[in-house]
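> Here it is, the structure in full.
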Amino acid sequence: LIRKKRDGERLEDAEIQSFVRGVTEGTAQQGQIGAMLMAIRLRGMDAGETLALTQAMASSGRTLAWPPAWHGLVVDKHSTGGVGDKVSLALAPALAACGCKVPMISGRGLGHTGGTLDKLEAIPGFRVSQSPEEMRHILARVGCCIVGQSAELVPADRVLYGLRDVTATVDSLPLITASILSKKAAERLSALVLDVKFGGAALYPTQESARELAQSLVEVGAHLGIRTAALLTRMEQPLGRAVGNALEVLEALECLGGGGPPDLRHLVTALGGVLLWQCGMAAGAEQGRERLARALDDGSALRTFEAMLGAQGVPPDIAQGLCAGTPAQRRQLLGEAKVCEELPAPQEGWVQQVRALPLARVLHRLGAGRARAGDPVNPRVGAELLVGTGQHLRAGQPWLRVHHEGSLGAEGRRELQDALCLGPEPPRDPPPLVAETILPSGP
């Protein structure tokens, strides 16, 4: 099979199934799996092969089962990862408040991008590990849960995901498609929305390369019987104003209470609006967006988030303090870093942009992220943007607040200052955050 794919031939469905079986059962050697991953990376897979790989991976373990009454209501969202992306924390409870069931299986941060599970684990007591039975119980009571991938779900993906990193095959289109959608197929979803990011701090640098992945995901998702749509969104600057696990929880709470940064609210309502439309709870994406915005504004999304925290192990006093407390009380509950330091603008000028990548890299080194799976993260490390694009800054005016444990040296400060792009004139209006929406072809 390796030779066949190496030579550019097409693999049959049964051959792909036997490869995945070998991965799951441990009969395929690590060297063989690595060789097959590289052959797929170099030779690619057509849509039929990608679908067969996704289906074989999805059925490599347990699949979730839901009551018939939930038919058409089980939805989820997946993001390809960005800086300051705390959308899931606000979106899952807002969708549940609108009547959806959201069994969100999320990941941890790796490299410069943050992980939803790490953000939630900044909350004392939050348990990301839940069995399929516990998930079903939480969904019946609350409407949403955000959990880690259990060993029983898609075990083939756990093996392949770990090896893709060390074999330089992370960026393979069929492998990314199968990894994302096998987990979603195992969730037995009715509808899925994908946030495919592009730009300087994203997996894909250009809109064209992001569109290629989005189209692959949407078409394979449709063949799996999941109503799938993708939004291509820009990731040059951090999303919102906060980067770092505990700080992003605080900002998500602002969004859940009807406030928070406009770009974060815009993305939460855009993604949620498409999902409500896809599962028939809104006449169109715009009507869905308005309905989701109401859930944020009327307090129902925040109440659902509090109920989810309680259902996933957070003590009631902490859950209530986070959802009903003042900003100062919320910060106290999550804990603060030893040092809170403000950086001054090096000269006068208009803010053209704040680049996300150098910001994320410095915070990663300070302990906000991990270099390899299993590394611990410090939830209190992070940064808050004190300025926005188009703002005029005086020399010496603070533009960034960095939360760290005393380890930010001169080199780190210099790198952070490089993230601030100033110009002599106000910038042109920025392009829209959501660049494009990809829907399945055909009816």
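> Got at least one residue in region 314-335 being farther than 29 Å from L386 by Cα and surrounded by 15 or more Cβ atoms within 10 Å (Cβ to Cβ)?
yes
> Now for a separate question. Pairs only if they're at least six apart or on different chains, beta carbon under 7 angstrom, first in region 61-86 and closer than 14 Å to L264 by Cβ, second assigned to a strand (DSSP E or B) and of a type in the set (S, T, Y); list them, first residue then second.
G82/T113; V83/T113; D85/S79
> Sticking with this structure for a sec: Could you tell me how many of the residues in region 422-439 are within 28 Å of the chain's Cα centre (by Cα) and either β-branched (V, I, T) or surrounded by 16 or more Cβ atoms within 10 Å (Cβ to Cβ) (or both)?
Kept after step one, since they are within 28 Å of the chain's Cα centre (by Cα), are these residues of region 422-439: 429-439.
From what is left, the residues that are either β-branched (V, I, T) or surrounded by 16 or more Cβ atoms within 10 Å (Cβ to Cβ) (or both) are 433-435, 437-438.
Matching residues across region 422-439 total 5.
> Return the residues of region 140-162 that are open to solvent by 10 Å² or more (accessible area, probe 1.4 Å) and either touching a Gly at 6+ places or on another chain (Cβ under 6 Å) or not assigned by the TED database to the domain that holds V75 (or both); say none if nothing qualifies.
Passing the criteria: E152, P155.
> While we're here: Here are R394, R413, R380, R355: which of them is open to solvent by 20 Å² or more (accessible area, probe 1.4 Å), at pLDDT 95 or above and closer than 18 Å to G115 by Cβ?
Of R394, R413, R380, R355, the one residue that is open to solvent by 20 Å² or more (accessible area, probe 1.4 Å), at pLDDT 95 or above and closer than 18 Å to G115 by Cβ is R380.
> Checking E251 against (1) under 21 Å from A122 (Cα atoms); (2) acidic (D, E); (3) out of contact with any Lys or Arg (no Cβ under 7 Å at 6 or more places or on another chain), which test does it fail?
(3)
> Just give me the residues in region 220-259 being free of Cβ contacts under 8 Å to residues at least 24 places away in the same chain and more than 22 Å from L194 (Cβ to Cβ), in sequence order.
Those that are free of Cβ contacts under 8 Å to residues at least 24 places away in the same chain and more than 22 Å from L194 (Cβ to Cβ): E254, G259.
> Which one is farthest from A58 (Cα to Cα), of the residues in region 198-212 that are touching a Phe, Trp or Tyr at 6+ places or on another chain (Cβ under 9 Å) and surrounded by 24 or more Cβ atoms within 10 Å (Cβ to Cβ)?
Selected residue: F198.
> In addition: Which of (1) modelled with pLDDT of 95 or more; (2) open to solvent by 50 Å² or more (accessible area, probe 1.4 Å); (3) in a loop (DSSP other than H, G, I, E, B) does H137 not meet, given it meets every other one?
(3)
> Taking region 246-290, which residues are of a type in the set (S, T, N, Q) and open to solvent by 10 Å² or more (accessible area, probe 1.4 Å)?
Correct list: Q278, Q287.
Let's see how each residue does on (1) assigned to a helix (DSSP H, G or I); (2) out of contact with any Pro (no Cβ under 8 Å at 6 or more places or on another chain):
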| position | (1), (2) |
| --- | --- |
| K4 | yes, yes |
| F19 | yes, yes |
| L42 | yes, yes |
| A56 | yes, yes |
| S60 | no, no |
| H78 | no, yes |
| A92 | yes, yes |
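> Criterion first (in a helix (DSSP H, G or I) and of a type in the set (A, V, I, L, M)) does L194 satisfy it?
Spelling it out, it is not the case that L194 is in a helix (DSSP H, G or I) and of a type in the set (A, V, I, L, M).
> Has region 6-14 got any residue that is open to solvent by less than 60 Å² (accessible area, probe 1.4 Å) and of a type in the set (D, E, K, R)?
no
> When you scan region 85-103, how many residues do you find that are over 10 Å from the mean Cα position of the chain (by Cα) and either buried (at least 21 other Cβ atoms within 10 Å of the Cβ) or modelled with pLDDT under 95 (or both)?
Number satisfying all stated conditions: 13.
> Here's another thing I want to ask about it. List pairs: first residue in region 4-21 and in contact (Cβ under 8 Å) with a residue 24 or more places away in the chain, second residue surrounded by fewer than 22 Cβ atoms within 10 Å (Cβ to Cβ) and among the acidic types (D, E) anywhere in the structure, Cβ distance under 7 angstrom, at least six positions apart or on different chains.
Final answer for the pair search is R10/D46; R10/E49; L11/E49; I16/E49.
> May I pose another question? Would you list the helices (runs of 4 or more DSSP H) that sit entirely within region 222-305 and hold 1 or more residues that are farther than 14 Å from L89 by Cα?
The qualifying helices (runs of 4 or more DSSP H) are 262-278, 285-297.
> Under 6 Å between Cβ atoms, at least 6 apart or on separate chains: pull out the pairs that start in region 119-134 with a residue that is within 11 Å of V314 (Cβ to Cβ) and end on any residue that is in a loop (DSSP other than H, G, I, E, B) and open to solvent by less than 10 Å² (accessible area, probe 1.4 Å).
Matching pairs, first to second residue: I123/V314; G125/V314; F126/Q312; F126/V314; R127/Q312.
> Return the total of residues in region 21-40 being of a type in the set (S, T, N, Q) and assigned to a helix (DSSP H, G or I). So that I can check it myself, show each step before the final result.
The first filter runs over region 21-40 and keeps only residues of a type in the set (S, T, N, Q), leaving 24, 27, 29-30, 32.
Subset that is assigned to a helix (DSSP H, G or I): 24, 30, 32.
Going through region 21-40 one residue at a time, the tally reaches 3.
The values are calculated or read from the model by the stated rules, or taken from the named source; none is laboratory data. The structure displayed is predicted, hence computed values, not measured ones. Here Cβ is always computed from backbone atoms with ideal geometry, including for glycine, and neighbour counts include all displayed protein chains. Accessible surface areas use protein heavy atoms only, side chains included; no ligands, DNA or RNA. Shrake-Rupley method; radii C 1.70, N 1.55, O 1.52, S 1.80 Å.
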